[in-house]
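Below: the structure, in C-alpha cells.
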Amino acid sequence: MELKDPNVKMTWMKGNEPLRIQYSLGKYDVKQMGTKYMLVITNVNMNDAGIYSLSVGDKRMRAELTVLG
C-alpha cells in the first residue's frame, strides 16, 4: 500500500486478529520503501495461511496467503 502521510495509523490483521508485529519475535515485519509499505512474513508455514488485511483510516485492503505443502 502506498501512503501519502507516513504518520497515519496502520492496523495489520490476520483474519479477525490484529498482528502484534513488535511482539512477534521477527515473524512479522513491516518494511517501508519511500511511501510504500509491505508486510513481510518470515519462516512461512501452514499456520500462516489465511486472509491478511491492512486498515488505514477508512481504507482497507486484503490479500489471501496460500501455503503449499
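The values are calculated or read from the model by the stated rules, or taken from the named source; none is laboratory data. Everything numeric here is computed off the predicted structure, so don't read it as measured data. A quick note on method: Cβ atoms are made from the backbone with ideal geometry, for glycine too, and the neighbour counts reach across all protein chains shown. Remember, those area values only see protein heavy atoms, side chains included, never the ligands or the DNA or RNA. Shrake-Rupley method; radii C 1.70, N 1.55, O 1.52, S 1.80 Å.
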request  = May I ask you to give the percent of accessible area on the chain that is carbon plus sulfur, with a probe radius of 1.4 Å?
outcome  = 53
task = Among the lysines, select those whose C-alpha is under 19 Å from the C-alpha of K36, and discard any that sit fewer than 8 residues away in the same chain.
result = K4, K9, K59
Cβ-placed point charges (K, R +1; D, E -1), dipole of the chain about Cα centre in debye, nearest 20 = 120
note = Stretched fully, the stretch from V67 through K4 gains (0.36 nm per residue minus C-alpha distance, one decimal, in nm) 19.5 nm
message = For the chain, what does the accessible surface come to per residue with a 1.4 Å probe? Please give it in Å².
response = 78
query = So what are the ³J(HN,Hα) numbers for the stretch 50-57, from phi and the Karplus equation (6.51, -1.76, 1.60; θ = phi - 60°), rounded to whole Hz, Gly and Pro as x?
reply = x, 9, 10, 9, 10, 10, 9, x
query = Mean separation of Cα pairs under 8 Å and 6+ residues apart, divided by the residue count of the chain: what relative contact order is that in percent?
reply = 32
task = Quick one: what are the phi-derived ³J(HN,Hα) couplings along the stretch 17-22, Karplus 6.51/-1.76/1.60 with θ = phi - 60°, whole Hz, x for glycine and proline?
result = 9, x, 7, 9, 4, 5
task = Quick one: Debye curve from the alpha-carbon atoms of the chain only, equal weights, vacuum; give me log10 I(q)/I(0) at q = 0.12, 0.16, 0.27 Å⁻¹ to two decimals.
result = -0.32, -0.57, -1.43
message = Within 9 Å, Cβ to Cβ, of V40, how many net charges do the neighbouring residues add up to if Lys/Arg are +1 and Asp/Glu are -1?
response = 0
